[in-house]
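Colleague: Supplied in structure tokens, the structure appears directly below.
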Amino acid sequence: MLNRLLMLKLWLLVIVVAKTLLMNSPAYGQIIQTNPQQPESFQERIRQQQEEQNQQTQEQMKETWLRLNLQEPQLQQQQRIQQQEFSRQRQEMIRQQQFRLQQQETRLQQQEFSRQQQLRIQDQQLRQDQQIRQQQELRLQEQRRQQQLRQQKGNL
């Protein structure tokens, strides 16, 4: 941004200086003076117009230079303020993203904890079911053995 502003200043300065030099050059004046076909009053009018144009050009050059040099610090300050605001907004956005990521991580940890708890509970229930089945199986075996013993005693 500053480079473009500087380049614009330089181009304006070059244009104004070139225009001023062209109008003040001896060759330009000689062309007017050496034209004998034109009356002196016409040449004098052209000379006055040249001087007026010179003055206007110099005034424009001064105004442009002053405007650019007075506005540049304001533009730089504006640019600094905009960059600071952009940086602040960017930092805020990053902070919010980090906060959301932390919340998401916390939710995932809670979900994992709940899943692990459910797995432990299911595992515990399976073990209890297995123990109950084993106890039932042992009782059934004991009942069969007792029944076989009774039958054997009854057959004797």
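The values are calculated or read from the model by the stated rules, or taken from the named source; none is laboratory data. The shown structure was predicted, so the numbers you read here are calculated from the model rather than taken from an experiment. Heads up, the Cβs are rebuilt from the backbone with ideal geometry, glycines too, and the neighbour counts pull from every protein chain shown. Surface accessibility is based on the protein's heavy atoms, side chains included, excluding ligands, DNA and RNA. Shrake-Rupley method; radii C 1.70, N 1.55, O 1.52, S 1.80 Å.
Colleague: Kindly indicate which of Gln110, Gln91, Gln136, Gln49 is open to solvent by 100 Å² or more (accessible area, probe 1.4 Å), at pLDDT 75 or above and over 39 Å from the mean Cα position of the chain (by Cα).
Modeller: Numbers: Gln110 fails: over 39 Å from the mean Cα position of the chain (by Cα); Gln91 fails: over 39 Å from the mean Cα position of the chain (by Cα); Gln136 fails: open to solvent by 100 Å² or more (accessible area, probe 1.4 Å).
Of the residues listed, the single one that is open to solvent by 100 Å² or more (accessible area, probe 1.4 Å), at pLDDT 75 or above and over 39 Å from the mean Cα position of the chain (by Cα) is Gln49.
Colleague: How many residues are touching a Lys or Arg at 6+ places or on another chain (Cβ under 9 Å), within 12 Å of Leu13 (Cα to Cα) and acidic (Asp, Glu) if we restrict to the range 52-86?
Modeller: Result for the range 52-86: 0.
Colleague: Report yes if some residue within the range 13-20 is open to solvent by less than 60 Å² (accessible area, probe 1.4 Å), over 44 Å from the mean Cα position of the chain (by Cα) and modelled with pLDDT under 75; otherwise report no.
Modeller: Within the range 13-20 (the criterion being open to solvent by less than 60 Å² (accessible area, probe 1.4 Å), over 44 Å from the mean Cα position of the chain (by Cα) and modelled with pLDDT under 75), the answer is yes, since at least one residue qualifies.
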